[in-house]
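For reference, the structure is listed below as structure tokens.
A short reminder: the numbers here are calculations on the coordinates, not readings from a lab. What you are looking at is a predicted structure, and each value in this text was computed from that prediction instead of being measured. Backbone-built Cβ (ideal geometry, glycine too); neighbour counts: all protein chains shown.
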Amino acid sequence: MTRQKARSKMRTVLLAVFGSRPDRKTFSYAEQLSRQMGAQLNVLRMAKTKEGSPPAELIRYLNEHREVVCTIYDTAAENRRKWKKFRNEIPKSLPVPLVVVQR
């Protein structure tokens, strides 16, 4: 198996962030979890666009990246209202567990 194929099959923990960047504590948590799981950490920065909402972007990402084994969603204090709306738009059955960090 080539190195590139091996990388594509590596397990990934996804840190989904609505806005500019994750909180340091949340990032540290995601980093620690990925190490414990023997997975790499990817950060997905989401924004509302004409093409779709953040939940649609997250679902599309998860459907395209089957190596994701867990998703962590960072709810920044300034985005709590957005989280409530976001939560209602997420399907009840995501392909992976979703961990929500609320501060």
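Amide H contacts of G19: M46, each under 5 Å away and 5 or more positions distant or on a separate chain (H built 1.01 Å from N in the peptide plane; Pro and chain starts excluded). What does the net charge come to around L98 if you take all other residues with beta carbon closer than 11 Å to its beta carbon, with K and R at +1 and D and E at -1? Summing Lys and Arg as +1 and Asp and Glu as -1 gives +2. Summing charges over all other residues whose Cβ lies under 13 Å from the Cβ of Q32, with Lys and Arg as +1 and Asp and Glu as -1, gives +2.
Can you figure out the FRET efficiency of R45 with S93, using R₀ = 25 Å and their beta-carbon distance, to the nearest 0.05?
On the way: r = 25 Å, r/R0 = 0.98.
Once the sixth-power term is evaluated, E becomes 0.55.
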